[in-house]
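Data block below; observations after.
The values are calculated or read from the model by the stated rules, or taken from the named source; none is laboratory data. Keep in mind that this is a model prediction, so the values were computed, not measured. Every residue, glycine among them, receives a Cβ derived from its backbone with ideal geometry; neighbour counts consider all protein chains shown.
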Amino acid sequence: MDLSGLSELRYVKREDGEIKIGALTTIGDLERQVDNSAWGRFLNDVITKFGSPNIRSLATIGGNICAASSSEDLIPVFLALDAKVKTLRKSGTREMPLQEFLVAKRKTALHADEILVEVSFPEPSARAACSFQKLGMRNILIIALVSVAVFLDTDDSRSNITQARIALNRLKGKIPQRVKSVEKGLLDKRLDEHAIKSAVERLGEELTLTSDFRASSEYRCEAVKVLLRRALVDCQQNILKK
Amino acid sequence: MNGKDHALVVESTERLLDVLRDRLDLKGVKEGCGTGDCGTCTVIMDGRLVNSCLVLAVQARDKKITTIEGVGTREKLHPVQKALMKYGAAQCGFCTPAMVLAGKNLVDHNPSPSKEEIKEAISGVLCRCTGYYKIIDAIHDAAKEISEVRS
Amino acid sequence: MTETAAVQKLREAQRFTLVGKRIQRLDALDKVLGLPLYTSDIVPKDALRVKVVRSSVPHALIKRVNTQAAREMPGVLAVLTAEDIPGINEAYALLPDRPLLASKKVRCHGEAIAVVAAGDSETAEEAADRISVEYERLPIVTSPVEAMKPDSLLVHDSGNVAKYLRVRKGDVKEGFRQADVIIENTYKTQFQDPAPLEPEVGMAWVEKDGSVTCVGSMQTPFYVQTGVAKVLGLSPDKVRVIQATTGGAFGPKSDEMPVDTCAISAMVAQKTGKPAILAYTRDESMIAHTKRHPFVITLKTGAKNDGRLTASEALVVSDTGAYASLGPLVIIRACFHATGPYVIPHVKTDAYCMYTNNTMAGSFRGFGSPQVHFAAESQMDELAKKLDMDPLDLRLKNILRPGMLTATSQLVDEACSLEECTKRATETSGWRKKRLEFSRDRGPFRRGIGIALMYHGNSLGPEGSDYAYVHMLIKPDAKIVVRTALTEYGTGAISGLAQVAAETLGLPIHLFELDRPDTASCQETGPTVASRVMVIGGRAAQIAAQKLKEKLLNVASDSLHCEPSKLTIRDENVYHIDDPKRAIPFKKIVEECYKKHISLTETGYYIAPKCEFESENSQGTTYLQYTYGAVVAEVQVDTELGVVKPVKITAAYDAGRAINPLSVEGQIEGGTIQGLGYGLTEQLVHLGGMVVNPTLGDYYIPTSLDIPEIQTIIVEYPGAIGPFGAKAMGEPPVDLPAAALANAVAQTIGSRVFDLPITAEKVLFAMKRKR
């Protein structure tokens, strides 16, 4: 069934402290949302390495999420934003956290007669920063070897981490997820070199990433630590700039 | 479709690519992979480049589409086409229609693109013959020519 | 440049009216308008769509092919298996080892077993899905080195060695005795997919007289004619083959695939009485067509402390997959060039082309040269490291120069420009300065610079008879038609033939037209491969043009009342050389010819001298001329992730005479990027003999955002046989980028990746190994 005519599902709006995006909003539509806010920069990180200009015109948020696999860039991003999804069927709507919606690899919580209509997340504060790092074999039209999405929020002094959300893909046998143990280790810490180093070390300890013909699990584990560090440093620099 | 309205009845599974090539006889739109990876099926739809192999025909309802057949003629080439000729930027020619459309769409939106912006604009179209260099130089030249004509 | 050299260059430039000019190709206008007709663009409305059922296992006996369900499907008009082949079930490029349709056994993933035809693609696909094959699986051998072992399972009853040859020069034991240092390394390369943007496609129909016409995407129409005739059990003159506009080729469209697509379509056409078209999907193309041979190369090299090479011992092993295709010829080129372009008194090279249960490897631009140059040039840098010498200095000490002998003891002639190519590439790129500067880089992002040199024997050399036919005719409207069975598929070579003809005749290029390659109207002319169109075809074009010119001048001499030797053609007029006022328009002479019934059709035939060499030890003249080149590559390595960013390529190639510099640059630039992909990102992965990434999404050919800056330098040392001294330029540009990049990366990280492609993972682990 082709839903593309439902133009009412193509929107980006700010409402009640949340950013709400219609499921049929394309990546191309989101290009216009790129700005200097935390959310805007997150978008920029993702978009510059998403598909190609041709793909961005057609790829939708809903399509990306419902594919429920490690090849979908937006999943770690929305997980890091603590997003929830809204679905619709004849009997009404449901809302649930994105992680709950993603049941397993290539399987969502959608019923056969249900469609995804919206993704929403709390609008990041002015003190927050996000970073998305993706590693691939080319500079465009990339199938990610591994990606990391990081969201950090700090207190008024901008030095203590009040919120940390880190999501990865290419987890062996699993759909993209947040690494809660690493997140916990960052909470209430000063956002400095030491905290970043410990976070990276903690990540290395409990990770099993996919091994396939594109890359070994060993390499992905090495790479993801580097990507996490770069994402955290990126966030740190953005926070300090504000 | 290249400035002319068409009314068609299509199958639900028919791709825009099939409608263009088989129903409307627009053979300039090519199929290089069928999976959205190569860009030879590129058309301009409502001002954006899309891979027509990924678009269902029904999704193109009420949309404005441009294919290579709608760009330039033998007597009056589009500046991008003229430049591609001058720079020897077409080798086997299979990606050329897509490159023309990508170049045209870029200069329609951005009158003085940098070489980086040109590389970005054509990045969804693969070329196995040229290495892209002459295509990029040609589009850059064409944009300059268009700007000069405008001023 | 000295004044004399500058004047010389000027005089040279004035010598030619068209040669050396940047001319637009004759098909450029059509291409930018999207007008050329590729095979799928001219399919008759009633044509049947053909789908092939292919093996889903790498090695097995076929117990049964169940076609009943497909036959019973409405809309299915033909279901064919090996039993239905009217002629001989064979479709091979060289060795008689391959059937068109497998009947008892499959030896690799993707072998054709059955064929379905229906009125539309969906029905044909569905019918194909309903055909099931019962296999009895067999063990597999997927490593060419394993396949060499005496107890290895056999892919073919005749044994796993498809071809063996060797080079013996001097006494390698003595050479190593003389050496102060000896190094030994093993290098490995991968399957590279040619990935022309237009997948293989062939179409056929039966004419009223029972003959068959085939139209397809191909490089060599006469190979297709022979192959199709054999399968159909017809004599070749009953099969007409026409090359449609071909969207890229690079090799696979000269080997088995065009015969497969056309013969299968022709069988369906014969069976059903309707036209039929077989258009490969991309994944089918990537699994089934021929690709670059993976090689395992072990090099042992000896040198004196001052850098002079004394000995080279090489074991060169290629993986040709389940069927040899042109593997036996690829291994010859690889064997002869295995040492790299250096003077080495003692050489021992043993080269084996091995069968395995991987998919077929065959022709792909470079034809063995990229693989051996990756190994040889990496080895030179390793030697330089051992000797603590600058890699450039080590090379300059050993490169081939006029008067020296190659590894096959061929005397190098004055057209050897390797030193100039090397000097131009290193000076232009700022080699010495950058080597020093980059070695001081600190931090996670480090730069490096690497060099690689090559020589590339032109045309067929030892591979066979090297000839070409080019036909030319002047029409009543004074347009000149160039017609040949040599083919255009993006190289611009056929336009180049017209340019050569135009130069010879003294007429402007806009008078020339190209006709379509058609076995019905062209003489069989050998394959369009080995970058031979300009070198060999160009000579034939010159000869045809010269014959026409003589005819025209004879007729003009009557009208102008003088000797033909006093006349010349320029600017569409025939002039008296001493008195330009005595002139007649070219158009008028053409009219005269037609009035006097003087035929203005000529055929130029050229055959290259045979290469004389002793075949047991491969000593003698292996190629009639060589293209030389030098590439300097600059990279930036992200040492935390291992990612290699190619920053700049400086490439100097000796084109002999660049007939059309625009086309030559196009070949250099395109070849460089194909070489870049070969070096850094491309790998057609086989796991257990099965191709796992037959898509352009998971097989990474460079995009416009992956290209480095490029600087092209064209050197011209005229060669012995090409027209105006032209040398082959189609393939050479693919030989070196991987080697130069490998050396640049090794310099950056202080450790080497010995196998292609040089992925980030390999770089990171090479760095860890070093620590």
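When the criteria are applied in full, B:S123 fails the requirement of being more than 7 Å from chain C (Cβ to nearest Cβ) and either out of contact with any Ser or Thr (no Cβ under 6 Å at 6 or more places or on another chain) or among the hydroxyl-bearing types (S, T, Y) (or both). Scanning segment C:471-488 for residues that are farther than 27 Å from C:E198 by Cα and surrounded by 24 or more Cβ atoms within 10 Å (Cβ to Cβ), which turns out nearest to the chain's Cα centre (by Cα)? Result: C:M472.
If you go through segment C:108-140 and keep only what is touching a Pro at 6+ places or on another chain (Cβ under 9 Å), within 29 Å of C:L154 (Cα to Cα) and among the β-branched types (V, I, T), you end up with just C:I140.
It is to be established whether one or more residues within segment B:68-82 are assigned to a loop (DSSP other than H, G, I, E, B), free of Cβ contacts under 8 Å to residues at least 24 places away in the same chain and more than 8 Å from chain C (Cβ to nearest Cβ). Yes, some residue in segment B:68-82 is assigned to a loop (DSSP other than H, G, I, E, B), free of Cβ contacts under 8 Å to residues at least 24 places away in the same chain and more than 8 Å from chain C (Cβ to nearest Cβ). Of the residues B:E11, B:E31, the single one that is crowded, with 17+ Cβ neighbours inside 10 Å and either among the charged types (D, E, K, R) or more than 30 Å from C:G730 (Cβ to Cβ) (or both) is B:E31.
If the condition is being at positive phi and of a type in the set (A, V, I, L, M), then segment C:441-479 contributes only C:A478. Residue-level check: of (1) within 14 Å of another protein chain (Cβ to nearest Cβ); (2) in contact (Cβ under 8 Å) with a residue 12 or more places away in the chain, C:Y469 misses just (1).
Residues are listed down the side, and each one gets a yes or a no for (1) aromatic (F, W, Y); (2) in a strand (DSSP E or B); (3) under 27 Å from the mean Cα position of the chain (by Cα); (4) surrounded by 18 or more Cβ atoms within 10 Å (Cβ to Cβ):
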residue: C:S565; (1), (2), (3), (4): no, no, no, no
residue: C:K588; (1), (2), (3), (4): no, no, no, no
residue: C:Y594; (1), (2), (3), (4): yes, no, no, no
residue: C:S599; (1), (2), (3), (4): no, no, no, no
residue: C:Y623; (1), (2), (3), (4): yes, no, yes, yes
residue: C:Y628; (1), (2), (3), (4): yes, yes, yes, yes
residue: C:V637; (1), (2), (3), (4): no, yes, no, yes
residue: C:K645; (1), (2), (3), (4): no, yes, yes, no
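Does B:V100 satisfy being within 11 Å of the chain's Cα centre (by Cα), β-branched (V, I, T) and either more than 9 Å from chain C (Cβ to nearest Cβ) or within 24 Å of C:L662 (Cβ to Cβ) (or both)? For B:V100, the condition - within 11 Å of the chain's Cα centre (by Cα), β-branched (V, I, T) and either more than 9 Å from chain C (Cβ to nearest Cβ) or within 24 Å of C:L662 (Cβ to Cβ) (or both) - is met.
Where strands (runs of 3 or more DSSP E) fall wholly inside segment C:234-349, the ranges with 1 or more residues that are surrounded by fewer than 24 Cβ atoms within 10 Å (Cβ to Cβ) are C:239-243, C:295-303, C:309-319. For segment C:96-146, the tally of residues that are over 27 Å from the mean Cα position of the chain (by Cα) and either in a helix (DSSP H, G or I) or not aliphatic (A, V, I, L, M) (or both) stands at 22.
In this entry, A:A80 passes the filter for residues that are surrounded by 17 or more Cβ atoms within 10 Å (Cβ to Cβ) and under 14 Å from the mean Cα position of the chain (by Cα).
Matching residues to (1) at pLDDT 95 or above; (2) crowded, with 16+ Cβ neighbours inside 10 Å:
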site	(1), (2)
A:Q163	yes, yes
A:K184	yes, no
A:A199	yes, yes
A:S211	yes, no
A:I239	no, yes
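A:S52 passes every criterion in (1) among the hydroxyl-bearing types (S, T, Y); (2) touching a strand residue (DSSP E or B) at 6+ places or on another chain (Cβ under 8 Å); (3) buried (at least 17 other Cβ atoms within 10 Å of the Cβ) apart from (2).
For segment C:100-111, enumerate the residues that are at negative phi and crowded, with 23+ Cβ neighbours inside 10 Å. Of everything in segment C:100-111, those that are at negative phi and crowded, with 23+ Cβ neighbours inside 10 Å turn out to be C:L100, C:L101, C:A102, C:V106, C:R107, C:C108, C:H109, C:E111.
Listed conditions (1) surrounded by fewer than 20 Cβ atoms within 10 Å (Cβ to Cβ); (2) within 14 Å of chain B (Cβ to nearest Cβ); (3) modelled with pLDDT of 95 or more; (4) assigned to a loop (DSSP other than H, G, I, E, B) are all met by C:D30, apart from (4). Looking across segment A:135-151 at every residue that is within 7 Å of another protein chain (Cβ to nearest Cβ) and either crowded, with 23+ Cβ neighbours inside 10 Å or more than 20 Å from A:P53 (Cβ to Cβ) (or both), the one that is farthest from the chain's Cα centre (by Cα) is identified as A:M137.
Residues considered: A:S57, A:S52. Of these, the only one that is within 14 Å of chain B (Cβ to nearest Cβ), in contact with a helix residue (DSSP H, G or I) (Cβ under 7 Å, 6 or more places away or on another chain) and among the polar types (S, T, N, Q) is A:S57. Selection within segment A:29-77: residues that are of a type in the set (S, T, N, Q) and more than 13 Å from the chain's Cα centre (by Cα). The member of this set that is farthest from A:T154 (Cα to Cα) is A:N54.
Within segment C:147-165, the set of residues being surrounded by fewer than 16 Cβ atoms within 10 Å (Cβ to Cβ) and in a loop (DSSP other than H, G, I, E, B) comprises C:K149, C:P150, C:D151, C:L153, C:L154, C:D157, C:S158, C:G159. Of the strands (runs of 3 or more DSSP E) that lie entirely inside segment A:82-188, those containing 1 or more residues that are charged (D, E, K, R) span A:84-89, A:92-97, A:115-122, A:129-135, A:146-154, A:161-168. Being among the charged types (D, E, K, R), more than 30 Å from C:I140 (Cβ to Cβ) and more than 14 Å from chain B (Cβ to nearest Cβ) is a condition met by no residue of segment C:666-674. The C-beta contact set for segment C:397-414 (first residue touching a residue at least 12 places away in the same chain (Cβ under 8 Å), second residue surrounded by fewer than 22 Cβ atoms within 10 Å (Cβ to Cβ) and assigned to a strand (DSSP E or B), distance under 6 angstrom, 6+ apart or interchain) comprises C:T408/C:Q619; C:S409/C:Q619.
Being touching a residue at least 40 places away in the same chain (Cβ under 8 Å) and either over 18 Å from A:E100 (Cα atoms) or touching a Phe, Trp or Tyr at 6+ places or on another chain (Cβ under 8 Å) (or both) is the requirement here; does A:G5 meet it? So A:G5 does not fit the description; no. The selection criterion, being more than 14 Å from chain A (Cβ to nearest Cβ), surrounded by 24 or more Cβ atoms within 10 Å (Cβ to Cβ) and touching a residue at least 12 places away in the same chain (Cβ under 8 Å), does not hold for C:V715. Of everything in segment C:281-302 that's closer than 26 Å to C:L165 by Cβ and of a type in the set (A, V, I, L, M), which residue is farthest from the chain's Cα centre (by Cα)? Filtering segment C:281-302 for residues that are closer than 26 Å to C:L165 by Cβ and of a type in the set (A, V, I, L, M), the one farthest from the chain's Cα centre (by Cα) comes out as C:L299.
Residue check: is B:T42 outside the structural domain of B:E145 (by TED's automatic domain parsing) and either farther than 20 Å from B:I118 by Cβ or surrounded by fewer than 19 Cβ atoms within 10 Å (Cβ to Cβ) (or both)? No.
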